[in-house]
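The values are calculated or read from the model by the stated rules, or taken from the named source; none is laboratory data. None of these values were measured; they are calculated from a predicted model. Please note: Cβ atoms are built from the backbone with ideal geometry, for glycine as well, and neighbour counts cover all protein chains shown. Quick note on the areas: whole protein, heavy atoms, side chains included, nothing else; ligands and nucleic acids left out. Shrake-Rupley method; radii C 1.70, N 1.55, O 1.52, S 1.80 Å.
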Amino acid sequence: MENLLLNISAGTVDWSRAQFALTAIYHWLFVPLTLGLALIMGIMETCYYRTGKKFWKDASRFWQKLFGINFAMGVATGIILEFEFGTNWSNYSWLVGDIFGAPLAIEGIVAFFLEATFVGVMFFGWDKVSRGFHLASTWLTGIGATISAWWILVANAWMQYPVGQAFNPDTMRNEMTSFAEVALSPFAIDKFFHTVISAWIIGAIFTVAVSCYLMYRRRQDEEQACRDRRLAVRSMKIASIVGLVSSLLAIHTGDSSAYMVAQSQPMKLAAMEALYDGGQGEGLTVIAAVNPFCQPDYASGEEPPMKIAMPNMLSFLATRDFNGYVPGINDIIRGGYTMPDGAKALSLEEKMERGRKAITALSGYREAQTSGDAIAAANHRKTLDENIKYFGYGYIDNAEQTVPYIPLCFWAFRVMVGLGVLFLLFFALSTFLSYKKDITKMRWLHVTGMALLPLGYIASEAGWLVAEFGRQPWTIQDMLPTWVAVSDVGSASVMLTFFIFLALFTLLLIVEISIMCKAIKKGPEYERN
């Protein structure tokens with residue numbers, strides 16, 4: 001714990017956060033497409049297995065080639081992301097490594113090796129293994145990637161909803177008390193399903209965009225163009241159904257995730273809604289004029305101007321009661337309201353005081369243990385146990401530190417939801433048109449489908465921003481602020497590696513886009529009948 005009390009510079013904290021955010025944002029450009037294309041290509045190869053038609057084999061190989069390009073690029077950023085926990089966040093790793101490291105270890109040993117093993121069979125096993133075994137390899141590659149996402153999201157969910165652990169003052173570490181609670185927490189389950197389903201939407205959008213390109217472009221070889229259009233139409237039918245079903249499921253999982261946030265992270269929900277003073281029967285804000293460039297004066301309690309809200313819907317979303325009480329930012333700071341478990345919420349000042357008691361008791365316990373004073377150690381241990389829940393608040397100096405950056409949370413949430421509604425409407429339309437009409441000549445549909453591709457990534461990144469920035473200032477909710485979790489390294493070192501990673505990741509992204517565009521432009525390769 002002595003390391004946790006070091007006076008680490010603000011520059012080190014800011015650059016460490018920036019570097020981790022940079023790595024995560026770039027990594028998240030690759031992961032959703034991997035998970036989404038895995039489902040698409042699995043469905044297509046299943047069609048080949050059931051029908052034996054070479055058309056479906058050609059379609060499967062085309063989408064698998066694009067999957068492989070993206071898969072290779074995603075591995076590099078993922079490895080660097082995990083290394084940063086040790087280099088930039090060593091205090092965090094020391095304190096909770098026994099818990100946080102378990103799901104990451106399982107992800108590396110089990111899930112990653114599963115997908116790494118079968119991805120080779122999927123790419124190089126055509127005509128070398130049976131159709132059934134190759135189909136199994138394709139699905140197992142996707143399942144491995146999904147299981148990998150499960151364990152990573154378990155680790156992330158634990159940071160936002162820490163359960164199944166207890167602090168041991170003798171080892172100065174948080175230790176796992178129940179692996180099942182960590183692995184199967186309701187927060188982890190909701191986060192997994194919402195994240196994976198949103199990745200399926202990305203896969204569907206990507207497939208639709210590429211299919212629209214294949215139909216939109218003009219090729220001199222009319223026979224090749226005809227085959228491309230046929231493949232594109234079939235692919236668009238599958239992707240539209242996957243996108244439509246996934247969009248509907250995302251509404252359900254998003255609602256469940258929002259309910260969990262309301263129960264365990266009320267400050268995040270208040271920031272997402274720009275809700276300064278809460279109450280009963282709160283409306284869900286559709287839009288409001290929240291200045292995106294500065295933190296609003298939430299302490300005044302004045303609602304954002306030009307606010308349009310759906311009456312009572314926020315209360316229903318957060319409490320499953322149209323008249324339920326939803327606390328605002330100022331309510332959370334003041335305390336005194338009734339929480340979902342029936343207890344009265346402590347004020348921020350009370351939490352800070354109890355946090356300081358916990359820190360003082362820990363120091364006293366360590367000294368008493370060293371001097372051999374068992375009675376004093378027992379008294380300090382009792383005080384520590386009574387206040388350990390608020391340990392992280394002992395490092396908080398003022399209320400402003402506990403409020404996330406409201407404009408980012410507010411607008412990112414609306415970008416995510418607004419684009420999600422747009423995708424739902426588009427997939428409903430494209431499903432109808434692709435099954436009922438000749439879409440090969442609908443130029444407006446082709447242009448629209450291609451235009452949705454960058455919007456899909458914007459929606460995906462916006463969801464990540466809401467999840468991660470909304471829980472600030474906590475590295476671990478209520479337990480460890482970011483400025484206590486970082487490594488004691490010079491800010492110049494972190495700044496240097498930030499720009500190195502920025503250049504490296506940008507180069508990787510450019511390379512992937514270039515290779516991907518060349519593969520798409522070349523188009524599918526067809527076997528002779």
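Hey, if you put +1 on the Cβ of every Lys and Arg and -1 on every Asp and Glu Cβ in the chain, which of 289, 258, 47 ends up farthest toward the positive end of that dipole?
Farthest towards the positive pole: 47.
Mean Kyte-Doolittle of at least -1.0 plus a Cα span of 27 Å or more along the axis: flag which DSSP H helices in the chain meet both, please. Numbers along the way, then the final one.
Details: long enough: 10-51 (62 Å, 0.72); 54-87 (50 Å, 0.30); 131-160 (43 Å, 0.65); 186-216 (45 Å, 1.37); 222-264 (59 Å, 0.19); 348-371 (34 Å, -1.02); 406-436 (45 Å, 1.72); 443-469 (40 Å, 0.80); 491-522 (46 Å, 1.80).
Membrane-span-like by this criterion, though nothing is claimed about a membrane: 10-51, 54-87, 131-160, 186-216, 222-264, 406-436, 443-469, 491-522.
If I take every Cα pair under 8 Å that is 6 or more residues apart in segment 237-342, average their sequence separation and divide by the length, what percent do I get for the relative contact order?
30 percent
Dividing the convex hull volume of the Cα atoms of segment 321-366 by its residue count, what figure in Å³ per residue is obtained?
Numbers: hull volume 3.7 nm³, N = 46.
Spread over its residues, the Cα hull of segment 321-366 gives 81 Å³ apiece.
At q = 0.16, 0.24, 0.26 Å⁻¹, work out log10 I(q)/I(0) for segment 194-235 with the Debye formula, treating every Cα as an identical point scatterer and leaving solvent out; two decimals please.
After summing over all Cα pairs, the log10 values are -0.46, -0.74, -0.81.
Roll a 1.4 Å probe over the protein heavy atoms and report the accessible area of residue 393 in Å², nearest 10.
Residue 393 has an accessible surface of roughly 20 Å² with all protein chains in place.
Once the Cα gyration tensor of segment 99-190 is diagonalised, what are the square roots of 5 times its eigenvalues, in whole Å and ordered largest first, as equivalent ellipsoid semi-axes?
In descending order the semi-axes read 36, 12, 8 Å.
Accessible area of the chain with a 1.4 Å probe: how many percent of it is carbon plus sulfur?
Roughly 64 percent, rounded to a whole number.
Measure out, as a whole number of angstrom, how far apart the alpha-carbon centroids of segment 148-227 and segment 25-86 sit.
13 Å
What list of whole percents do you get for P(r) of segment 416-471, with Cα-Cα distances grouped in 5 Å bins up to the one holding the largest distance?
Binned Cα distances yield the sequence 4, 17, 22, 20, 14, 10, 6, 4, 2, 0.
For segment 440-529, what is the Kirkwood hydrodynamic radius in Å, using each pair of distinct C-alpha atoms?
18.0 Å
Percent of alpha carbon pairs in segment 1-128 separated by more than 25 Å?
44 percent
Sorted by average packing, counted as other Cβ atoms within 10 angstrom per residue and highest first, what order do 48-59, 507-518 take? Numbers along the way, then the final one.
Values: 48-59: 16.7, 507-518: 13.4.
Ranked from most to least packed, the peptides come out as 48-59, 507-518.
Could you provide, to the nearest whole Å², the per residue accessible area of the chain with probe 1.4 Å?
Details: 23470 Å² over 529 residues.
Accessible area per residue: 44 Å².
Show me the ranking of peptides 97-104, 497-504 by mean Cβ neighbours inside 10 Å, starting with the highest.
Numbers: 97-104: 19.0, 497-504: 14.8.
Most protected by this proxy first, the peptides run 97-104, 497-504.
Just read off the accessible area of residue 39 with the full protein assembly in place, 1.4 Å probe, to the nearest 10 Å².
40 Å²
Take every Cα pair under 8 Å in segment 134-268 that's 6+ residues apart, average their separations, divide by the length, and report that relative contact order as a whole percent.
Averaging sequence separation for qualifying contacts and normalising by length gives 24 percent for segment 134-268.
Size of segment 243-384 along its principal axes in angstrom, Cα-based, largest extent first?
Taking max minus min along each principal axis of the Cα atoms, segment 243-384 gives 64, 40, 31 Å.
So what's Rg/Rh here for the chain, counting alpha carbon atoms and using the Kirkwood radius for Rh?
1.01
Could you sort 298, 435, 405 by accessible area so the largest value comes first, with the probe set to 1.4 Å?
The ordering from most to least exposed comes out as 435, 405, 298.
Using modelled amide H (1.01 Å from N, peptide plane; none on Pro or chain starts), what sits under 5 Å from the amide H of residue 286, excluding residues fewer than 5 places away?
For residue 286, the qualifying residues are 308, 309, 310.
Hey, can you rank 171-179, 21-29, 236-244 by average C-beta count inside 10 Å, highest first?
On the way: 171-179: 14.6, 21-29: 19.1, 236-244: 24.1.
Answer by packing, highest mean first, reads 236-244, 21-29, 171-179.
What's the lysine pair count for segment 221-377 at a Cα cut-off below 29 Å, pairs eight or more apart or interchain?
Total qualifying Lys-Lys pairs in segment 221-377 comes to 5.
So what are the three principal axis dimensions of segment 375-520 from its Cα atoms, in whole Å, longest to shortest?
If we take the Cα atoms of segment 375-520, the spans are 83, 36, 26 Å.
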